[in-house]
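The values are calculated or read from the model by the stated rules, or taken from the named source; none is laboratory data. Keep in mind that this is a model prediction, so the values were computed, not measured. Cβ: placed from backbone, ideal geometry, glycine included. Neighbour counts: every protein chain shown. Just so you know, the surface numbers come from the protein's heavy atoms only, side chains and all, with ligands and any DNA or RNA stripped out. Shrake-Rupley method; radii C 1.70, N 1.55, O 1.52, S 1.80 Å.
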Amino acid sequence: MEEVTLFGREPSPFTYRVIWALKLKGIDYTYTNEDFTNKSALLLKYNPVYQKVPVLVHGGKAIAESLLLYLNTLMRHGRKIHHLPKDSYERSVADFGPNELIANAAYIGTPGKGILAADESTGTIGKRLSSINVENVESNRRALRELLFCTPGALQYLSGVILYEETLYQKTAAGKPFVDVMKEGGVLPGIKVDKGTVELAGTNGETTTQGLDGLAQRCQQYYAAGVRFAKWRAVLKIGPTEPSQLAINENANGLARYAIICQENGLVPIVEPEILVDGSHDIECCADVTERVLATCYKALNDHHVLLEGTLLKPNMVTPGSDAKKVTPAMVAEYTVRALQRTMPAAVPAVVFLSGGQSEEEATLNLNTMNKLKAKKPWSLSFSFGRALQQSTLKAWAGKEENVEKAQAAFLSRCKANSEATLGIYKGDAAQGDGASESLHVKDYKY
Amino acid sequence: MSCYKGKYADELIANASYIGTPGRGILAADESTGTIGKRLSSINVENVESNRRALRELLFCTPGALQYLSGVILFEETLYQKTASGKPFVEVMKEGGVLPGIKVDKGTVELAGTDGETTTQGLDGLAQRCQQYYAAGARFAKWRAVLKIGPNEPSQLAINENANGLARYAIICQENGLVPIVEPEILVDGSHDIDRCADVTERVLAACYKALNDHKVLLKGTLLKPNMVTPGSDAKKVAPENEEQATINLNAMNQLKGKKPWSLSFSFGRALQQSTLKAWSGKVENVEKAQAAFLARCKANSEATLGTYKGDAAVGDGASEGLHVKDYKY
């Protein structure tokens with residue numbers, strides 16, 4: 001039997017449960033009692049994310065979640081296992097994979113934190129830069145991202161940042177890789193892995209998303225580069241005959257294939273079925289479509305054996321169409337939470353909403369109201385904002401070195417505001433940057 | 001719209017129909033570089049481009065063979081190759097009244113949570129690739145989905161996933177002028193009986209045609225490349241699947257009295273090339289002998305599509321040799 005070590009803290013009942021399981025199964029182990037004022041280097045090594053006990057180390061590999069489940073797996077069929085089950089480790093969804101995926105997904109949903117979506121493709125970031133008269137060259141793209149990631153005090157409000165591939169390998173001006181900046185700030189790097197949309201023949205401009213070919217190999221490379229989650233954007237729209245069943249099925253299936261491939265390669269998949277806000281439909285219509293789409297997605301994820309605890313959902317909030325009359329944040333909150341209750345299994349740890357063209361302030365207020373709502377919410381509700389975190393920052397920066405401090409202040413302000421919104425304590429008092437209330441809606445938005 | 005009615009619709013219908021001309025069929029010469037390497041090594045020939053080119057020239061330039069073919073499926077490398085005297089293969093085919101086709105899938109990947117079942121990849125950028133192939137003269141395409149029979153196989157996930165991939169591939173091809181050959185191969189590996197194979201084949205084909213319908217594929221502009229319904233390779237003995245057996249089965253189908261509103265032809269790779277390969281053995285002096293073997297199989301299968309084969313093809317060395325390779329990967 002490979003060596004088993006337990007890091008625990010007596011008299012914690014959580015630690016005792018594991019000790020009893022080990023004794024009942026007759027597994028020999030070494031025990032280290034942790035002093036929480038002085039955590040041992042080994043504990044920090046084996047459970048870097050949470051730094052908590054109990055942690056079981058078997059054959060050099062750490063298990064920090066579902067320890068009893070793990071021990072039960074070892075003892076399946078009543079046999080004692082005297083070695084690490086080789087086939088189950090080597091198999092894609094091994095006994096270790098789930099634990100890391102579950103831990104990372106849960107971490108991303110930490111109350112008080114959320115995701116910065118900084119994965120604009122070169123083309124899209126070009127449009128943003130040109131809106132502030134900045135040239136779309138690599139150094140400017142790098143400078144913008146450095147401005148964001150190195151804003152003093154901002155990273156505490158973030159659990160993850162989604163990157164475009166180019167950014168993954170970039171560094172600060174002083175030469176520090178961005179992924180290191182994030183790691184030190186307790187932020188998980190993520191990566192956009194889809195390859196854009198293609199039209200579905202026979203539909204009225206509906207699309208599916210491509211990117212599955214060779215995805216496993218790409219995920220492995222990204223994991224090696226430090227990435228721990230991925231993103232894939234499926235797009236649907238509301239119209240007289242849209243979304244069609246074909247579009248819903250095709251996009252849900254693509255999301256499910258992407259999700260399982262990510263999990264097989266250590267990345268938490270963010271599942272993003274965005275229903276565009278374009279149109280003049282009311283909030284009831286959006287709710288109906290959102291519920292149908294989410295139901296199909298979760299059926300597909302189930303068909304494809306995806307581990308829901310190791311995923312996140314990035315949906316649109318339920319709102320009226322961009323050409324329809326606006327409603328209150330209370331209504332948005334109620335309809336959105338109800339749609340999720342009806343379709344999203346409790347096993348999913350967190351929802352990270354997209355902002356979809358809402359202004360910075362609108363998005364924050366809606367998120368805040370959802371978190372204040374008294375209702376059954378077995379998942380945390382957080383953000384994965386791109387434009388809604390960067391708009392006023394971009395305007396303040398305008399590409400000029402002398403504006404960096406001002407721009408960073410704007411960014412910090414939005415991060416803090418959204419952090420408070422995840423806790424339902426935002427008072428609407430964020431320093432209103434220039435553009436914070438500006439609508440960010442672009443018709444038929446393509447990233 | 002209920003199905004594709006775009007600019008290529010008439011052309012697709014005409015080409016699909018031509019491929020099914022009674023008396024003709026398809027030579028599947030789309031072995032990937034890796035797979036053709038195994039064939040070449042079985043006759044002690046080095047797997048280099050010139051040998052691959054030489055083999056294909058041997059086949060396409062066999063005097064009198066092209067009249068028995070309506071199409072040839074190519075691997076991408078071959079699409080751009082020429083005869084030793086510099087004539088592009090696609091021209092050789094055109095002049096012989098044969099449509100060039102191209103394999104467009106990118107192989108299989110495993111489906112998690114199944115016992116080694118797979119789906120096929122290759123959809124990314126497929127439209128652009130089809131356009132390039134069309135410009136190079138290709139008029140049909142092929143995509144191989146693979147299923148297997150086992151205690152829990154094929155699973156519903158595998159069936160749905162493969163059917164959906166075929167349907168996506170098919171509509172993208174049609175939008176870009178290529179007739180899609182839909183190939184849901186159920187491997188013959190296993191000890192199941194013929195009834196089991198029939199049941200699985202029917203379920204798989206039903207799922208495929210539902211998917212093609214969902215994706216608005218123009219059926220008249222498609223072809224189906226299925227397995228025949230047979231017992232498993234390890235089951236109680238029926239004759240082994242070899243060159244001759246494939247021809248005999250095809251012939252028997254075409255002699256059968258029954259409603260058959262579609263023509264029944266062939267898209268054979270190994271079953272057309274086995275004895276040819278052995279006769280050639282990579283030597284220039286054997287080319288004539290090898291071409292004679294190839295012509296014999298082409299003629300035999302042509303007759304089989306008409307139900308007139310008498311079993312009298314010059315039985316080349318290897319014609320009755322079993323061609324089954326366990327868990328065959330192209």
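Exactly one condition in (1) within 20 Å of A:G211 (Cβ to Cβ); (2) of a type outside the set (F, W, Y); (3) touching a residue at least 60 places away in the same chain (Cβ under 8 Å); (4) away from chain B (no Cβ under 14 Å) is not met by A:V277; state its number.
Exception for A:V277: condition (1).
Which residue, of B:A145, B:A138, is assigned to a strand (DSSP E or B), open to solvent by less than 40 Å² (accessible area, probe 1.4 Å) and modelled with pLDDT of 95 or more?
Result: B:A145 is the single residue among B:A145, B:A138 that is assigned to a strand (DSSP E or B), open to solvent by less than 40 Å² (accessible area, probe 1.4 Å) and modelled with pLDDT of 95 or more.
Using beta carbons and a limit of 8 Å, which pairs, at least six apart or on different chains, have the first residue in region B:127-145 and free of Cβ contacts under 8 Å to residues at least 40 places away in the same chain and the second one part of a loop (DSSP other than H, G, I, E, B)?
B:R129/B:V104
Mind listing just one residue for me: the one in region B:88-127 that is assigned to a helix (DSSP H, G or I) and facing another protein chain (nearest Cβ under 10 Å) and, of those, farthest from the chain's Cα centre (by Cα)?
From region B:88-127, those assigned to a helix (DSSP H, G or I) are B:89-95, B:126-127; that's our starting set.
Those still in the list that are facing another protein chain (nearest Cβ under 10 Å) too: B:126-127.
Values: B:L126: 20, B:A127: 21 Å.
Out of the qualifying residues, it is B:A127.
Working carefully through the options B:I172, B:I149, find the one that is in contact with a Leu (Cβ under 8 Å, 6 or more places away or on another chain) and within 14 Å of chain A (Cβ to nearest Cβ).
Checking each option against the conditions leaves just B:I172.
If you check A:A201 against the conditions, is it small (G, A, S), within 30 Å of B:A9 (Cβ to Cβ), within 14 Å of chain B (Cβ to nearest Cβ) and surrounded by 17 or more Cβ atoms within 10 Å (Cβ to Cβ)?
yes
Considering only residues of region A:335-379 that are within 21 Å of A:W232 (Cβ to Cβ) and open to solvent by 30 Å² or more (accessible area, probe 1.4 Å), which is farthest from the chain's Cα centre (by Cα)? Explain how you work it out, then say what you get.
Narrowing region A:335-379 to residues within 21 Å of A:W232 (Cβ to Cβ): A:339-340, A:343-345, A:347-357, A:379.
Among the residues that remain, those that are also open to solvent by 30 Å² or more (accessible area, probe 1.4 Å) are: A:345, A:347, A:349.
On the way: A:P345: 17, A:A347: 15, A:P349: 10 Å.
My answer is A:P345.
Which residues, counting only those in region B:75-108, are surrounded by 20 or more Cβ atoms within 10 Å (Cβ to Cβ) and touching a Pro at 6+ places or on another chain (Cβ under 6 Å)?
B:V90, B:M93
Quick one: B:G64 ticks every box in (1) under 26 Å from B:P226 (Cα atoms); (2) assigned to a loop (DSSP other than H, G, I, E, B) bar one, so which box is it?
The number of the failed condition is (1).
List pairs: first residue in region A:320-335 and without any contact (Cβ under 8 Å) to a residue 12 or more places away in the chain, second residue assigned to a loop (DSSP other than H, G, I, E, B) anywhere in the structure, Cβ distance under 7 angstrom, at least six positions apart or on different chains.
Hits for this filter: A:K326/A:P320.
Tell me whether region B:200-217 contains one or more residues that are under 30 Å from B:L40 (Cα atoms) and touching a residue at least 24 places away in the same chain (Cβ under 8 Å).
Looking only at region B:200-217, we keep the residues that are under 30 Å from B:L40 (Cα atoms), and these are none.
For region B:200-217, residues under 30 Å from B:L40 (Cα atoms) and touching a residue at least 24 places away in the same chain (Cβ under 8 Å): absent.
Kindly indicate whether any position in region B:243-266 is buried (at least 17 other Cβ atoms within 10 Å of the Cβ) and charged (D, E, K, R).
yes
Pull up region A:220-263, narrow it to residues that are closer than 25 Å to A:L168 by Cβ, touching a residue at least 12 places away in the same chain (Cβ under 8 Å) and out of contact with any strand residue (DSSP E or B) (no Cβ under 9 Å at 6 or more places or on another chain), then point me to the one that is most open to solvent (accessible area, probe 1.4 Å).
By that ranking, first place goes to A:Q220.
For region A:268-323: of the residues being open to solvent by 30 Å² or more (accessible area, probe 1.4 Å) and among the polar types (S, T, N, Q), which is farthest from A:V161 (Cα to Cα)?
Of everything passing the filter in region A:268-323, A:S280 is farthest from A:V161 (Cα to Cα).
Checking the structure you have, find out if any residue of region B:173-189 is more than 30 Å from B:L12 (Cα to Cα), over 16 Å from the mean Cα position of the chain (by Cα) and buried (at least 16 other Cβ atoms within 10 Å of the Cβ). Break it down stepwise before answering.
Start the filter on region B:173-189 by keeping residues that are more than 30 Å from B:L12 (Cα to Cα), which leaves B:188-189.
Add one more test, that the residue is over 16 Å from the mean Cα position of the chain (by Cα), and what stays is B:189.
Okay, now just the ones that are also buried (at least 16 other Cβ atoms within 10 Å of the Cβ), so B:189.
Within region B:173-189, one or more residues are more than 30 Å from B:L12 (Cα to Cα), over 16 Å from the mean Cα position of the chain (by Cα) and buried (at least 16 other Cβ atoms within 10 Å of the Cβ).
This table checks each residue for (1) under 22 Å from A:C219 (Cβ atoms); (2) loosely packed, with under 15 Cβ neighbours inside 10 Å; (3) free of Cβ contacts under 8 Å to residues at least 40 places away in the same chain; (4) touching an Asp or Glu at 6+ places or on another chain (Cβ under 8 Å).
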position	(1), (2), (3), (4)
A:D119	yes, no, no, no
A:T122	yes, yes, no, yes
A:I125	no, no, yes, no
A:A154	no, no, no, no
A:Y169	yes, yes, no, no
